[in-house]
């Protein structure tokens, strides 16, 4: 039988895990929104002002460049799907024993892809996309939180 101290520690751990999963879910939903706006800009015919902040910051240039698609699939669409998968892992599948590893693997893959795209922005296109940088911040934070979830799953 569990002692009162063990029960309290177990309850505290569950609360922290729920908080981590809820935060990941919130950030993944935000990532879906940012990616959906980028996807809309990918297909838009007109220029936008909210993301055109001078010579070095222009989402339209980035979202319509030759690097904005991968084998014909818009990168922003991949972002919507990837963040959607993270959202599902953090909500519907959060109680599955394999979820911490899958969440960390998927978010780390997303982070590596985002870092590659950020390199393209900075060193190939010489133009930054505020939406893309926001997505980078989101996936980096999700990856950090997923690492915390994974570490707690072994504790």
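A short reminder: the numbers here are calculations on the coordinates, not readings from a lab. It should be emphasised that the depicted structure is a prediction, and the values quoted were computed from it without experimental measurement. Positions of Cβ are generated from backbone atoms using ideal geometry, with glycine treated the same way; all protein chains shown enter the neighbour counts.
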Label-to-label distance, nm, for residues given as residue 108 and residue 78 (7 Å Cα→Cβ offset): 1.9 nm
Cβ-derived FRET efficiency at R0 22 Å, residue 48 paired with residue 126, nearest 0.05: 0.70
Among 72, 82, 122, residue whose mean-square fluctuation peaks in a GNM of the chain (springs only between Cα atoms under 10 Å): 72
Helix 4-43 axis, angle to the chain major axis (alpha carbon atoms, nearest 10°): 10 degrees
GNM result for the chain, Cα springs below 10 Å: residue of 48, 99, 23 fluctuating most strongly: 48
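Relative to 2.2 N^0.38 Å, what does the C-alpha radius of gyration of segment 84-155 come to as a ratio? Two decimals please. Write down the numbers at each step before the final one.
Working: Rg = 14.0 Å, N = 72, 2.2 N^0.38 = 11.2 Å.
That works out to 1.25 for segment 84-155.
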Computed P(r) (all Cα pairs; segment 20-154; 5 Å bins; percent): 2, 11, 21, 22, 16, 12, 8, 5, 2, 0, 0
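Given a Förster distance of 41 Å, report the FRET efficiency between residue 88 and residue 55 from their Cβ-Cβ distance, rounded to the nearest 0.05. Walk me through the numbers on the way to the answer.
Numbers: r = 40 Å, r/R0 = 0.96.
The pair residue 88/residue 55 has a calculated efficiency of 0.55.
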Relative contact order for segment 20-154, counting Cα pairs under 8 Å that sit 6 or more residues apart, in percent: 37 percent
Residue-span extension gain [residue 66 to residue 101] - 0.36 nm each, minus C-alpha spacing: 9.3 nm
